[in-house]
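As structure tokens, the structure follows; a few thoughts come after it.
The values are calculated or read from the model by the stated rules, or taken from the named source; none is laboratory data. Quantities reported herein were computed from a predicted structural model and do not represent experimental measurements. Cβ: placed from backbone, ideal geometry, glycine included. Neighbour counts: every protein chain shown.
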Amino acid sequence: MDNDRIISVLNGLIEISRDGAEGFRTCAQDVDDPALKRYFQNRAESCIYAVSELSSEVRRYGGDPDTAGSATGTLHRAWVDLKTALTSQDNLAVLEECERGEAAAVMAYENALREELTGDLRALLEKQCDGAKRNHDRVRQLRDAARHSNSTGLS
């Protein structure tokens with residue numbers, strides 16, 4: 001794969017990682033549970049670190065790192081805010097939207113890993129993909145627990 005293609009793939013991942021950071025920050029603002037708030041803040045920092053790693057790789061391949069998230073990410077965050085405002089199940093609504101965003105991140109990383117990559121770059125993307133999968137799985141667990149608690153009146 002040529003450098004331009006690598007830079008394009010990496011910038012796509014930077015975009016989705018920035019969206020993830022902003023999405024987690026939005027989720028942290030929209031939940032009332034202190035433990036969830038801390039979790040989302042921690043995940044936002046993790047996404048920012050991923051952006052930093054990816055940006056270094058873009059520069060290494062002679063490109064300029066993407067500096068903004070996507071329009072889709074902005075719309076997703078607005079949807080999280082709107083859905084939260086319209087429902088009495090704040091934490092559940094936020095977790096449902098967060099899970100959707102993390103599923104998109106996992107898919108983006110899996111698509112990137114289908115590309116022809118150098119060994120060190122592949123290792124980095126696999127590590128970050130594993131992190132996105134862990135985020136997705138944990139958010140799904142939290143979402144399922146919130147659904148259970150809402151259905152049993154324990155919220």
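General observations
- Taken residue by residue, region 142-153 has no member that is under 11 Å from the mean Cα position of the chain (by Cα), part of a helix (DSSP H, G or I), buried (at least 19 other Cβ atoms within 10 Å of the Cβ) and on the phi < 0 side of the Ramachandran plot.
- All told, residue 130 meets the bar of being within 20 Å of residue 10 (Cα to Cα), within 15 Å of the chain's Cα centre (by Cα), acidic (Asp, Glu) and modelled with pLDDT of 95 or more.
- Some residue of region 20-39 being surrounded by fewer than 21 Cβ atoms within 10 Å (Cβ to Cβ), basic (Lys, Arg) and within 15 Å of the chain's Cα centre (by Cα): yes
- Residues being more than 18 Å from residue 66 (Cα to Cα) and either among the β-branched types (Val, Ile, Thr) or in contact with a Lys or Arg (Cβ under 9 Å, 6 or more places away or on another chain) (or both) - total across region 1-29: 6
- Matching residues in region 115-141 - criterion: being free of Cβ contacts under 8 Å to residues at least 12 places away in the same chain and either in contact with a Phe, Trp or Tyr (Cβ under 6 Å, 6 or more places away or on another chain) or not in a helix (DSSP H, G or I) (or both): 118
- Test: residue in region 72-80 that is part of a helix (DSSP H, G or I), at pLDDT 90 or above, under 20 Å from residue 25 (Cβ atoms) and not aliphatic (A, V, I, L, M): no
- For the condition among the polar types (S, T, N, Q), part of a helix (DSSP H, G or I) and surrounded by 16 or more Cβ atoms within 10 Å (Cβ to Cβ), residue 46 qualifies.
- Number of the exception - residue 54 against (1) surrounded by 15 or more Cβ atoms within 10 Å (Cβ to Cβ); (2) more than 10 Å from the chain's Cα centre (by Cα); (3) modelled with pLDDT under 85: (3)
- Residue count, region 1-32 (criterion: farther than 21 Å from residue 118 by Cα, in contact (Cβ under 8 Å) with a residue 60 or more places away in the chain and in a loop (DSSP other than H, G, I, E, B)): 1
- Within region 84-127, considering residues that are of a type in the set (Val, Ile, Thr) and modelled with pLDDT of 90 or more, the one surrounded by the most Cβ atoms within 10 Å (Cβ to Cβ): 106
- Of the residues making up region 57-69, those that are surrounded by fewer than 16 Cβ atoms within 10 Å (Cβ to Cβ) and either in a helix (DSSP H, G or I) or touching an Asp or Glu at 6+ places or on another chain (Cβ under 7 Å) (or both) are 59, 60.
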